[in-house]
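Presented below is the structure to which this report refers.
The values are calculated or read from the model by the stated rules, or taken from the named source; none is laboratory data. These figures come from a predicted structure and were not determined experimentally. As a convention, Cβ positions derive from the backbone with ideal geometry for all residues, glycine included, and neighbour counts pool all protein chains shown.
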């Protein structure tokens with residue numbers, strides 16, 4: 001993943017980069033996600049939605065990061081309004097071209113973008129389309 005140093009804003013961002021590098025060396029989950037052929041990109045953003053770590057272009061990372069940061073904050077706010085003890089863990093958005101998964105947090109967000117898998121019609125037990 002590329003570390004985007006010119007977008008680092010404060011010591012917390014630098015701490016986040018160091019922690020992520022440490023996690024990546026001891027836990028290869030992010031590498032396994034990026035090695036999947038269907039995954040187009042992985043983006044880690046700071047609390048404002050600015051990309052810190054990414055394997056996509058800076059422009060795409062910034063667009064996804066900022067847009068999904070706002071979306072995640074709104075979704076979290078609405079969930080808290082419905083149930084103050086509830087919390088969003090993962091948001092999954094399925095579009096025609098992509099499937100976007102985001103894990104929102106107060107300090108950072110992780111976004112995974114992958115090619116959308118075609119949806120198959122459900123069949124009942126007799127093999128007929130529903």
>> When the residues of the range 67-113 are narrowed to those that are farther than 20 Å from residue 50 by Cβ and in contact with a helix residue (DSSP H, G or I) (Cβ under 9 Å, 6 or more places away or on another chain), which ends up surrounded by the most Cβ atoms within 10 Å (Cβ to Cβ)?
In response: 88
>> Being at pLDDT 85 or above and within 20 Å of residue 105 (Cβ to Cβ) is the filter here; which residues of the range 18-43 pass it?
In response: 41, 42, 43
> Counting just the residues of the range 28-45 that are outside any strand (DSSP E or B) and in contact (Cβ under 8 Å) with a residue 60 or more places away in the chain, which one comes out nearest to residue 115 (Cα to Cα)?
Replying inline: 38
>> Yes or no: the range 59-66 includes at least one residue that is out of contact with any strand residue (DSSP E or B) (no Cβ under 9 Å at 6 or more places or on another chain) and either at pLDDT 90 or above or within 26 Å of residue 115 (Cβ to Cβ) (or both).
In response: yes
>> Please determine whether any residue of the range 46-57 is under 17 Å from residue 104 (Cβ atoms) and in a helix (DSSP H, G or I).
In response: no
